[in-house]
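**Q** Here it is: the structure, laid out below.
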Amino acid sequence: MLALEIIFWIAVGLIVYTLFIYPLLALLLAVIIRKKVDKQPIEPKVSFIIAAYNEEDVIAEKIQQTLELDYPAEKLEIIVASDGSTDRTDEIVQSFADRGVKLSRVEGRLGKTHALNETVNVATGDILIFSDATGMYNRQAIRELVANFNDPTVGCVTGRVAYTYGKDTISVGFRGYQNIAVAIRRAESDFGSQTTVSGSIHAIRSEIYKPAHPDFSSDAIDAINTVVAGYRVLYENNAVSQEESRTTARDEFRCRIRIGIHATTMIPYILSQLIRHMKFGYLFQMISHKFMRWYLWLFLLGAFSCNLALALQGDSFLYLTLFRLQVAFYATAIFGLLLSRWGIGIPLLSTLAFFLLGVSGSCIGSLQCITGKRMATWEPVR
């Protein structure tokens with residue numbers, strides 16, 4: 001009985017810390033420790049790398065939009081990293097060859113990270129910018145990103161992903177999640193370094209880029225390698241990549257499973273790098289912001305199962321009430337998911353539904369990884 005109570009309250013404490021205390025702590029640190037950035041207009045040579053797999057529907061628009069960005073053409077190298085595309089993607093990219101656009105076709109379908117690693121080998125820019133084929137940048141995005149590199153302490157900069165949201169359950173829920181996530185990222189950037197970057201829009205100094213294992217996600221590893229090299233990872237609000245949010249529970253669930261697999265795969269590397277290089281402050285951030293979110297499902301499961309056992313004892317009004325509240329919470333979230341079948345999005349219900357979908361996907365992904373599954377290959381979710 002006592003052991004169950006201890007485990008229950010530890011699990012509750014970890015949940016509260018992950019969802020509320022760390023975000024508030026990050027916001028507070030951003031006010032107390034606001035590090036300045038010497039951001040000035042500069043024009044280094046930039047290699048703009050677009051990751052693509054079977055993107056024939058959008059790749060021409062993406063290349064044309066990139067060519068029209070406000071940056072000197074002689075300082076902008078555009079390379080499309082085609083991860084063994086089997087449609088007309090490569091053919092379309094080659095039609096832009098007379099405008100300086102290069103194709104880097106990577107065979108073997110070893111995944112996005114591998115394709116980027118191979119493409120970086122042929123890039124010549126001082127700054128590498130990574131983009132997805134569907135992310136459409138605002139005209140000043142490149143200038144806004146590279147201006148931060150005037151500060152010698154800055155090694156990596158991520159932009160803002162602006163999503164086009166629908167009125168369905170998943171879109172409404174994702175919007176609420178994004179508002180919180182962006183606030184934390186901005187805060188981390190203000191007091192030090194943020195913990196991940198966006199695969200849709202981020203830039204890194206070429207001299208500190210390190211090839212990541214194909215099973216890893218470059219979104220996390222580029223940030224880790226930057227901090228290990230002694231540089232900061234910043235958030236640039238004025239560099240924007242416009243994307244459409246996922247609109248179905250199935251697509252969001254698949255995405256969260258993929259994140260769960262990548263996360264569990266990367267944890268040993270992240271821990272070894274940060275401990276080895278004594279980046280303990282950043283390690284605290286990674287544990288608080290990433291590890292605990294990736295394994296939030298474990299804390300929730302522990303709290304629910306222990307609460308059930310304690311409630312079945314029948315002699316505690318407190319534990320019986322808390323269990324009823326948990327059941328009501330999950331029932332409400334499931335109801336929100338059912339509404340998604342009809343494309344109905346109600347703010348509170350959608351947020352709870354998105355939360356349940358996210359932790360469930362993370363759970364499945366983590367367990368699949370533990371049993372040996374890896375997810376190197378990728379197919380963009382539309």
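**Q** For residue 38 and residue 320, what does the FRET efficiency come to when R0 = 51 Å and r is the distance between their Cβ atoms, rounded to the nearest 0.05?
**A** Once the sixth-power term is evaluated, E becomes 0.30.
**Q** If one takes the longest principal axis of the Cα atoms in the chain, at what angle in degrees, from 0 to 90 and to the nearest 10, does the Cα axis of helix 317-340 lie?
**A** It is inclined by approximately 40 degrees.
**Q** What trypsin sites (Lys or Arg not before Pro) does the stretch 1-58 have in DSSP loop regions with at most 12 other beta carbons within 10 Å?
**A** Counting only loop positions with at most 12 other Cβ atoms within 10 Å, the trypsin sites (Lys or Arg not before Pro) in the stretch 1-58 are 34, 36.
**Q** Given (i) 0.99; (ii) 0.93; (iii) 1.04 as candidate values of Cα Rg over 2.2 N^0.38 Å, which corresponds to the one derived from the coordinates?
**A** Given (i) 0.99; (ii) 0.93; (iii) 1.04, the calculated one carries the label (iii).
**Q** For the stretch 23-117, state the semi-axes of the equivalent ellipsoid (square roots of 5 times the eigenvalues of the alpha-carbon gyration tensor), sorted largest first and rounded to whole angstrom.
**A** For the stretch 23-117, the semi-axes come out at 33, 20, 12 Å.
**Q** Measure off 7 Å from each Cα along the Cα-to-Cβ vector at residue 107 and residue 164, then give the distance between these two points in nanometres to one decimal.
**A** Calculated label separation equals 3.8 nm.
**Q** Pick from 65, 242, 313: which is most flexible by mean-square fluctuation in a GNM of the chain where alpha carbon atoms under 10 Å apart are linked?
**A** Maximum fluctuation in the GNM of the chain, among the listed residues, is at 313.
**Q** For a quick check: with amide H placed at 1.01 Å from N, whose amide H comes under 5 Å from residue 163's, ignoring anything fewer than 5 positions away on the same chain?
**A** 243
**Q** Still on this structure, please answer the following. For the stretch 46-246, what is the relative contact order in percent, using Cα pairs closer than 8 Å and at least 6 residues apart in sequence?
**A** Rounded, it is 27 percent for the stretch 46-246.
**Q** Further question: Points 7 angstrom from Cα along the Cβ direction at residue 183 and residue 25: gap in nanometres?
**A** Label at residue 183, label at residue 25, 1.8 nm between them.
**Q** Can you give me the C-alpha center-to-center distance between the stretch 306-320 and the stretch 254-289, rounded to a whole angstrom?
**A** Going from one Cα centre to the other spans 35 Å.
**Q** What are the residues whose amide H is under 5 Å from the amide H of residue 232, where those residues sit 5 or more places off or on another chain and H is modelled from the backbone?
**A** For residue 232, whose amide H was placed from the backbone, the distant partners under 5 Å are 154, 155, 156.
**Q** Please compute P(r) over all alpha-carbon pairs of the stretch 116-214, binned at 10 Å starting from zero, and give each bin as a whole-number percent.
**A** All Cα pairs considered, the percentages come to 13, 41, 34, 11, 1.
**Q** Taking amide H positions as placed 1.01 Å from N in the peptide plane, with prolines and chain starts having none, which residues 5 or more places from residue 55, or on another chain, fall under 5 Å of its amide H?
**A** 89
**Q** Can you give me the relative contact order of the chain as a percent, contacts being Cα pairs under 8 Å and 6 or more apart?
**A** 22 percent
**Q** Over the stretch 228-378, calculate the relative contact order: mean separation of alpha carbon pairs under 8 Å at least 6 apart, over the residue count, as a percent.
**A** 40 percent
**Q** Using the reciprocal of the averaged 1/r over all distinct C-alpha pairs, how large is the Kirkwood radius of the stretch 46-246 in Å?
**A** 17.1 Å
Coordinate-derived values only; no laboratory data. Here the structure is a predicted model, which is why all the values come from computation and not from measurement. Please note: Cβ atoms are built from the backbone with ideal geometry, for glycine as well, and neighbour counts cover all protein chains shown.
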